[in-house]
1. Roughly how many percent of the accessible protein surface of the chain is carbon and sulfur, given a 1.4 Å probe and a whole-percent answer?
2. Order Glu199, Glu463 by their accessible area, 1.4 angstrom probe, all chains in place, largest first.
3. Suppose we look only past 20 Å in the calculated P(r) of region 417-482. What percent of the Cα-Cα pairs does that tail hold?
4. Give the long-range amide H neighbours of Met3: residues separated by 5 or more places, or on another chain, with amide H under 5 Å away, using H modelled in the peptide plane at 1.01 Å from N.
5. Over the alpha-carbon set of region 395-439, work out the extent along each principal axis and list the three values in angstrom, largest first.
6. What distance in nm separates the two pseudo spin-label positions at Asn144 and Val524, each 7 Å out from Cα along the beta-carbon direction?
7. Figure the gain on full extension for Asn398 and Thr85 (residue separation times 0.36 nm, minus the Cα-Cα span) and round it to one decimal in nm.
8. Return P(r) of region 344-443 (all Cα-Cα pairs; 10 Å bins starting at 0; whole %; ordered from short to long distances).
Amino acid sequence: MGMRVIVTENISDSGIELLRQGGAEVDVRFGIPHEELLEIIDNYQAIVVRSVTKVNEGLFARGTNLKVVGRAGNGVDNIDMEAATKRGVIVVNTPDANSISAAEHSIGLLIAACRNIHLANKYLKDLKEGPWDRTPFRGVELYNKTLGVVGLGRIGSLVATRMLAFGMRVVAYDPYITDERFRHFGVEKCETLDDLLGEADFITVHTPLTDETRGMIAAAEFCKTKKGVRVVNCARGGIFHEADLVQAIKDGQVGGAGIDVLQGEPRPVSPILSIPETVVTPHLGADTFEAQENVGISVAHEVLSALRGEMVPNAVNMPTLLAGELDKVRPFLAIGEVLGKLYHQLKKDPVDRVEITYHGEVGKLDVQVITLSILKGLLEPVLMEHVNYVNAGMLAENRGINVVESRESEVGDYTSLIGVRVFSGEMVSTFAGTVFGRKDIRIVKIFDYEFDVLPTNYMLVVENSDKPGMIGKIGMVLGEKGVNIATMQVSRNTKESRAMMVLTIDSAISKEVLDEVCQLDGIVSAHLVRD
């Protein structure tokens with residue numbers, strides 16, 4: 001069977017032609033009913049979709065010849081990633097194809113909000129007779145003002161560099177970007193979000209929607225801004241607390257807003273839609289002719305590369321490995337990703353360098369993919385786009401992170417050991433992990449503390465003064481809140497008279513419970529770590 005591709009949603013003609021030029025037989029079936037798609041999917045090696053077609057367990061079960069799912073766009077919410085990976089189907093997307101369009105739309109909304117373009121347009125079109133009055137629409141200039149960018153990633157950096165050409169001072173807050181990258185973009189670094197809120201005349205957000213960023217700018221934050229600040233959200237609905245934003249506009253604290261994304265899309269019920277001081281668009285950030293052309297071409301390239309068995313820069317799930325290699329490497333991929341995830345859940349400082357040392361038997365494997373698993377774990381909590389085993393190295397390089405690998409035969413008490421040192425300026429954070437037998441993974445070091453912890457979905461990591469009663473205090477707080485402790489391990493640092501506990505717990509705990517633990521006498525820090 002040759003390369004047969006079905007395209008179920010609209011992509012550019014250039015993308016379809018590129019697939020054909022690459023040797024694929026392409027069937028274009030826009031809007032095909034799902035039941036009909038299930039009947040014919042077994043005839044294809046690849047399917048190209050956007051956001052409507054449900055590429056789910058049922059489709060994978062029927063499409064036994066599928067090798068590739070191409071998502072023309074960024075998100076993969078309509079694709080069952082677990083089912084794809086389980087069947088060895090590569091999922092590819094196009095995260096970079098629409099970055100410029102999203103950046104330009106952010107700038108367009110900023111200008112519209114500053115000059116009241118939407119209000120003036122409606123006024124003039126509705127004007128039948130009476131005086132011509134432009135006074136209510138008087139706006140503000142961008143020149144010599146300060147733009148605050150929250151999130152200096154792919155799109156945020158494009159906005160920042162373009163607004164410098166407007167004669168603006170640009171400041172940014174992004175705790176996961178190195179100082180070198182700020183300097184590279186010509187942007188001043190704000191150490192905290194509060195610093196940015198107090199300095200900016202205009203604020204634009206470019207972060208993923210996570211537990212950390214959901215509602216990150218709400219009533220308390222609006223009170224810290226300059227009076228009359230204008231805000232823009234072209235990222236994800238919910239980063240601004242919508243009701244609090246509306247109230248801040250009514251109070252005159254916020255002078256206007258440009259909003260492209262709302263909670264509850266595609267049928268949002270938002271107070272933002274009810275007030276005239278906001279210019280709103282229906283998630284148009286990536287919707288330009290050029291972006292759609294780029295998306296079609298990009299997804300065609302990705303699908304063809306994957307069908308040919310080549311490395312795919314934007315593979316969303318794990319790349320295919322030979323069966324023998326995968327069996328040996330899989331447990332080290334698991335512990336590598338855990339070690340990477342530990343850093344940004346315990347520290348907030350940007351990363352300059354990562355040093356990875358492979359001790360013993362693991363050093364004899366192809367450690368490159370294990371390094372990628374560590375970088376995947378390190379970057380995934382802080383990036384908007386999906387991080388995978390193929391793009392993790394590129395994303396680390398783009399963020400100015402220097403990655404160093406080494407191998408050592410000496411391994412001490414273990415057959416294999418992976419040591420990870422994460423550098424942020426003069427600070428160094430050390431983690432280590434191992435594999436017992438064929439698949440039992442363990443965390444054996446966090447900072448200067450030694451452990452033998454089986455990673456679980458939820459772990460509470462607590463550093464405290466090394467004095468009597470600490471275990472009981474924490475146990476009492478968690479018990480009173482109905483949090484069940486599965487295991488607890490304690491490690492001591494006698495030089496600093498400190499200890500660290502790692503508690504595996506059955507469920508996540510709220511910020512309020514975590515704060516209560518942090519407020520206990522003798523607690524240095526407490527963090528919920530998710531595997």
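1. Numbers: 12380 of 24910 Å².
Heavy-atom surface of the chain belonging to carbon and sulfur, 1.4 Å probe: 50 percent.
2. Values: Glu199 60, Glu463 30 Å².
Final ranking, largest accessible area leading: Glu199, Glu463.
3. Details: 1013 of 2145 pairs.
Here the tail beyond 20 Å accounts for 47 percent of pairs.
4. Excluding prolines and chain starts, which carry no amide H, the hits are Glu25.
5. Principal extents (largest minus smallest coordinate, Cα): 36, 23, 17 Å.
6. The answer from the label model is 5.0 nm.
7. Details: separation 313, 0.36 × 313 = 112.68 nm, distance 2.65 nm.
Extra length from Asn398 to Thr85 when fully extended: 110.0 nm.
8. Result, from short to long distances: 15, 47, 32, 6 percent.
The values are calculated or read from the model by the stated rules, or taken from the named source; none is laboratory data. For clarity, every value in this text was computed on a predicted model and none was experimentally measured. Virtual Cβ from ideal backbone geometry, glycine too; neighbours counted across all protein chains shown. Remember, those area values only see protein heavy atoms, side chains included, never the ligands or the DNA or RNA. Shrake-Rupley method; radii C 1.70, N 1.55, O 1.52, S 1.80 Å.
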